[in-house]
1. Over all distinct Cα pairs, what is the inverse of the mean 1/r for segment 174-312, reported as the Kirkwood hydrodynamic radius in Å?
2. Which order do the peptides 230-237, 119-126 take when ranked by the mean count of other beta-carbon atoms within 10 Å per residue, highest first?
3. Between residue 405 and residue 216, what length comes free when the chain is fully extended (0.36 nm per residue of separation minus the Cα-Cα distance, one decimal in nm)?
4. Calculated from DSSP H runs of 4 or more alone, at -39500 (n - 2.57) each and per residue, what is the 222 nm mean residue ellipticity of the chain, nearest 500?
5. Spin-label point model (7 Å from Cα, Cβ direction): what's the residue 167 to residue 264 distance in nm?
6. Using 20 Å bins from zero, what percent of all Cα-Cα pairs in the chain falls into each bin?
7. Among the DSSP beta bridges whose two residues both lie in the chain, what percent are antiparallel, rounded to the nearest 5?
8. Cα axis of helix 7-17 to longest principal axis of the chain: angle in degrees, 0 to 90, nearest 10?
Ligand SMILES: Cc1ncc(COP(=O)(O)O)c(C=O)c1O
């Protein structure tokens, strides 16, 4: 449960930070990390989490992840630089992603980051680097791609079922200075099912046992793609079961324990949405209520860009905070965003009491919202951190409102 905010608090936050802002709940994040890890540690002793940086770029949040012992999982040179700036050391970074240029790769090799290769071109850069730097050791792995029973195969990594990934490992093991220490996969499926995690873990383990025969296997990394704690309003919108951390722990970690009874490689996971979604709320205000044809239309200072930029079909849970005494009722009203885009509709049918000036609080917006907000019509709002264990300090601003200067600093005027 997130710390609740009162009407008085919201009023003050609006006057200080404007008509829209995010609230990040520090303790929900810490609890999610703890609950995720302990669900796996119940069944397997050697567990390590990596923070999926692409899911949320807020430096204060990345810093918290580091304080809680997470590695950083990055997928570009930009993300790599971001986490270094936040305080991560090279050897605490996992470098993933389909596009890593030569310079970015060499910096990661130099820094002792773990590089998870996605193409032969990257391995060519590794060979050249090691020729120039004899005596240097580079820790690495290969992102493996299996058929896990989805209608389409993922486009990432090396196919582990046609010999390609195996050839890559043979090549890597033969290079002086190259130290393949683990194996990786990540699949993103809409259902995030236990069965799918069972399949990927089994295939990854079987493949690791084959290619690492006679070599030290330091880790098995099953990536992200888990469900996290969901409010009923969201879980009801899925036509399939939404497993808990406990369910995933039992499925994945138990398999690891059975397959590695004595020498236990580290089980790495890169959870994104599952540990971040429930950490943030988005607050906006009602600007107007009018009637067009038979439909009541409520316009707010938020947009789909703030709460559901990936255009998934789920409707985000929200509640109205009345900011004045009123009993103004609407029936089946549409809640539309600030953009001029016709389908910028935050809720297609709302019934209840609501009035101009009221606030609307959307839940569950901590994943992929901050990073996907385009510079379209309005700047990105401030982010305020709530810490219930620090009651003396009401909120801490961890990102300010984006101004015109910030948005246009790269343009020539
Ligand atoms: C390599 C990798 N790891 C982890 C994640 C996090 O996934 P999720 O947010 O579904 O947990 C992603 C997301 O795209 C990814 O590409």
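Just so you know, all these numbers are worked out from the coordinates, no wet-lab data involved. Worth saying up front: this structure is predicted, and the values here are computed from it rather than measured. Neighbour counts are summed over all protein chains in view; Cβ atoms, including those assigned to glycine, are modelled from backbone coordinates with ideal geometry.
1. It is 18.4 Å.
2. Packing order, densest peptide first, comes out as 119-126, 230-237.
3. Between residue 405 and residue 216, full extension yields an extra 62.8 nm.
4. When only DSSP H runs of four or more count, the value is -8500 deg cm²/dmol.
5. It works out to 3.8 nm between the two label points.
6. Reading upward from the zero bin: 25, 51, 22, 2.
7. In the chain, approximately 45 percent of DSSP beta bridges are antiparallel ones.
8. Rounded to the nearest ten degrees, it is 70.
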